[in-house]
Amino acid sequence: MDLSGVKWDYDRAELIADGIVHGIGLSAALIGVTALIFYATLWSTSGQLAAACIYGIGLVLTLSVSFLYNLYPICRTKLYLRRVDHSAIFVLIAATYTPFLQRGWDDPFLFWMLVGIWTVAFAGIAMKCLLPVRFDRLAILLYLAMGWGGILAARSLFTALSTTTLVLIIVGGVIYSTGIVFHVWDRLRYQNAIWHGFVVAGSAVHYSAVVTCISGATSS
């Protein structure tokens, strides 16, 4: 079925595979975020707890919306879910930045970078909601630009975060970026499930980075 230039032609096996990947990712996220917030409540500063909550909400929201959108029956409603799904990616990127930049937000550059990341995220959400489909490729470039824009803060983050945290951030970014190859390779069978597998893997690595960031905050 083709609605406004968007095609969903995955067969039953592909949908089952995609559902399994989403189920694993969402279940792990719910458990992991619960543990993270519990740990942050006991041991972290109020600022780091707030950042952990923002990150956790962004992660669970994004995976939940993606699960619903990708497995929803093909109908007009699926188009609206597509807008929410693509918008949620902007939320996830900005939410993932939040715990790391919060660690160093006494540095004016990192503070304003956090403001800038969320500003770009809201602009991306507006683009996806008001102009769906038309700027899909631009949105992918914007996702990548936001994700790797952290390089601009590398020098400041070196003093705010541990080496372990920084390595995990980079590894997670590489996994996400590699997965985009499969996201755009729409002629490959199981392409959607593979892409979401990379998303789940990248999310797991970035979750580990957030955990080490929170742990570093409690020990500093």
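The C-alpha atoms of the chain define a longest principal axis, and helix 191-219 lies at about 10 degrees to it. A 1.4 Å probe, protein heavy atoms only, puts the accessible area of Cys53 near 40 Å². Enter the accessible area of Leu114 (Å², nearest 10), with the probe set to 1.4 Å and all protein chains included. Roll a 1.4 Å probe over it and Leu114 shows about 20 Å². Placing unit charges on the Cβ atoms only, positive for Lys and Arg and negative for Asp and Glu, gives the stretch 99-220 a dipole magnitude near 320 debye about its Cα centre.
Extension gain, Asp186 to Arg76: 0.36 nm times the residue separation minus the Cα-Cα distance gives 37.5 nm. Projecting label points 7 angstrom from Cα along Cα→Cβ for Ile20 and Thr45 puts them 4.5 nm apart. If one takes the longest principal axis of the Cα atoms in the chain, at what angle in degrees, from 0 to 90 and to the nearest 10, does the Cα axis of helix 163-184 lie? On a 0 to 90 degree scale, this one is about 10. Computed over protein heavy atoms with a 1.4 Å probe, the carbon and sulfur contribution to the accessible area of the stretch 66-164 reaches 71%. Each of Thr41, Ala51, Thr165 was placed along the dipole of the chain (beta-carbon charges, centred on the mean Cα), and the one lying farthest toward the positive end is Ala51. Given +1 at the Cβ of Lys and Arg, -1 at the Cβ of Asp and Glu and no other charges, the dipole of the chain around its Cα centre is 320 debye to the nearest 20.
Residue order by solvent-accessible surface for Asp136, Asp106 is Asp106, Asp136, largest first, with ligands and nucleic acids left out and a 1.4 Å probe. For the set Thr159, Thr45, the ranking by accessible area, highest first and with no ligand, DNA or RNA atoms included, is Thr159, Thr45 under a 1.4 Å probe. Restricting to DSSP H runs of at least four residues, report the calculated mean residue ellipticity at 222 nm for the chain, -39500 (n - 2.57) per run over all residues, nearest 500 deg cm²/dmol. So the helix-based figure for the chain works out to -28500 deg cm²/dmol. Relative to the longest principal axis of the Cα atoms of the chain, the long axis of helix 46-71 makes an angle of roughly 10 degrees. Under the criterion of Cα pairs below 8 Å and six or more residues apart, the relative contact order for the chain equals 25 percent. Surface listing: Phe90, Phe182, Phe111 arranged by accessible area from highest to lowest gives Phe111, Phe182, Phe90, probe 1.4 Å. A cut-off under 13 angstrom between Cβ atoms defines the neighbours of Arg12, and their net charge, with Lys, Arg +1 and Asp, Glu -1, is -3.
Counting only protein heavy atoms and a 1.4 Å probe, the stretch 85-140 has 48 square angstrom of accessible area per residue. For Tyr97, the accessible area of its heavy atoms, probed at 1.4 Å with every protein chain present, is near 30 square angstrom.
The values are calculated or read from the model by the stated rules, or taken from the named source; none is laboratory data. No experiment lies behind these values; they were computed from the predicted model shown. FYI the Cβ positions are ideal-geometry reconstructions off the backbone, even for glycines, and counts take in every protein chain you see. For the accessible areas, the whole protein counts, side chains as well, though only heavy atoms, and no ligand, DNA or RNA atoms are used. Shrake-Rupley method; radii C 1.70, N 1.55, O 1.52, S 1.80 Å.
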